[in-house]
Amino acid sequence: MAKSAFGFCVLFFVCSATCVFSRVILPENENHETTVLDISASIQKTLDVLSYDPDQILLEEESISDDFSSSSSSFTVKLQSRDTILKSTHKDYKTLTLDRLKRDSARVDSIITKLDLAMKEISKSDLKPLVVEKEFDTLKSQEQDNIVGPITSGLSHGSGEYFSRVGVGHPPKPQYLVLDTGSDVTWVQCAPCKECYQQTDPIFEPSSSSSFAHISCGAQQCKSLDISACANESCLYQVSYGDGSYTVGDFVTETLTFDNSKTTVEKISIGCGHDNEGLFIGSAGLLALGAGSLSFPSQVKATAFSYCLVDRDSSSTSTIQFGPEAQPADAITAPLLRNSRYPTFYYVGLSGISVGGQPLNLPHSVFDLNPNSPSGVIVDSGTSVTRLRTEVYNALRDAFVKGTQNLPSAGGFALFDTCYDLSSKTSVPVPTVAFLFPGGKSLQLPAKNYLVPVDSKKTFCFAFAPTRSSLSIIGNLQQQGTRVSFNIGNSVVGFSPKKC
């Protein structure tokens, strides 16, 4: 089974020993040259996202599409954006975007650092914990076949993730959890709190749950943690993130309930955090979808799972599903590969990138996974803006700029160096951008997934950026509206446009 970390992550890489440059044949009978950006629709969403009233947005279960219908062996999970839960405090969309990009940069730094340490064979347990031992001392004194759940954007929750509604304990207490393919440890904030951030729901009270049980220090679950401690023969955990966020508390087993109490999964190992701090505002914790042994997919022995991320400024929902039916039959597929040095992430073969129907002329090595350095290409639900190796980004940007010479430039904005002033337009044709896979397969992206507004005055930026390492990361902006599936049993990654 594949592994993962904080947010949805998938890594693309291709190993080539003989070829020097990518040569990709595009499928015939498709328009690969241009696609239309609906400027007015994008700008309207920048206004809507700031005006959502949580009290007026119903959190009732939405019907699942026919392709992902519920059954006796499946269940659904509600996913909401932060703006459907907490009223936005940003004065305008520009300040919201700047906050998002700041958090996004912290996450990218965290991913690169994790891989750097893994390549150097330095484990987290070798490092000085963010919370020292006396903090632990303070705390000491105090198989499902198919699983389906709706997904909504959680960017405005403060973390840039997507969120799901999960019942914790017995009887179940509804909690909003961040869904993260880049994490292996599921956790919730628990009473009593030494330090807890603001969340939408009441803090989970372990004493109210009949299914709450401590994990012993000698248990395999405790030994599988990167950082752990022991108190009164019970396991304690710590997880820290690159942006300074962390959670510390008891490592326990609990019952998780989905699909409005229709499906229950017992004895799931989770963190019960009594000391929590960071950018999780609104959510109660995190549902880990990584590929590690402690992740939720691993614990329920899922052979496959898929998710579809809705527009990050949207209040609508889509689904996440676990089980054999998770991958649509018509998915655009590529090999799912593994990195033994850091098994949390999901890797998949990427052949290239095209702009306006023309593949970029790049060395194959830019997509290779080198076991001795952070490399390959990660598709991460927690990262918003796609990061590419510098030489790949430069080639992509230059090709896109060449195809948009008729559009007025607006300079740069934060980490974006290619922006346009589209204030005089309501829609505009732009060059297509597509990810290319082995066997001549391609995933053509909608224009709104790579030319995004950064304010409400029609300033749009090319939503890619260079990274400081050999690693590339495909972010959630490019995944929006596409069902991404991981068939772990068959080692296949699938992409299904418009299957939310």
request  = Using DSSP, restrict attention to beta bridges with both residues in the range 332-497 and report what percent are antiparallel, rounded to the nearest 5.
outcome  = 80 percent
request  = Just the number, please: percent antiparallel of the DSSP beta bridges in the range 148-322, rounded to the nearest 5.
outcome  = 80 percent
query = Solvent-accessible area per residue for the range 332-497 at a 1.4 Å probe radius, Å²?
reply = 31 Å²
task = Highest first, please rank the peptides 201-212, 468-479, 431-442 by the mean number of other Cβ atoms sitting within 10 Å of their residues.
result = 468-479, 431-442, 201-212
request  = Calculate, for Asp368 and Ala191, the FRET efficiency according to 1/(1 + (r/R0)^6) with r their C-beta to C-beta distance and R0 35 Å; round to the nearest 0.05.
outcome  = 0.15
Normalised contact order of the range 148-322, rounded percent, pairs of Cα under 8 Å and 6 or more residues apart = 34 percent
inquiry  = What is the sum of charges, Lys and Arg at +1 and Asp and Glu at -1, for the other residues whose Cβ falls under 10 Å from the Cβ of Gln189?
reply    = -3
note = Mean accessible area per residue over the range 148-322 (1.4 angstrom probe, all protein chains present, square angstrom) is 28 Å²
note = Here the net charge surrounding Asp455, from other residues whose Cβ is less than 11 Å away from its Cβ (Lys, Arg +1; Asp, Glu -1), is +1
request  = Taking H placed 1.01 Å from N in the peptide plane, check which residues at least 5 places from Val379 or on another chain put their amide H under 5 Å from its amide H.
outcome  = Val10, Leu11, Phe12, Ile474
Surrounding net charge for Ser40, when Lys and Arg each add one and Asp and Glu each subtract one, Cβ distance under 12 Å = +3
note = For the range 332-497, averaging the sequence separation of alpha carbon pairs under 8 Å that lie six or more residues apart and dividing by its residue count, the contact order in percent is 33 percent
ask   = What does the highest-first list of 312-325, 106-119 look like by mean Cβ count within 10 Å?
value = 312-325, 106-119
ask   = So between Lys457 and Asn394, what do we pick up on full extension, going 0.36 nm a residue minus the alpha carbon distance?
value = 20.0 nm
request  = Please arrange Tyr346, Tyr197 by accessible surface area, largest first, computed with a 1.4 Å probe and ligands excluded.
outcome  = Tyr197, Tyr346
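The values are calculated or read from the model by the stated rules, or taken from the named source; none is laboratory data. Please read these numbers as outputs of a predicted model, since none were measured by experiment. Note that we place each Cβ from the backbone using ideal geometry, even for glycine, and neighbour counts take in every protein chain shown. The area values use the complete protein model at the heavy-atom level, side chains included, leaving out ligands, DNA and RNA. Shrake-Rupley method; radii C 1.70, N 1.55, O 1.52, S 1.80 Å.
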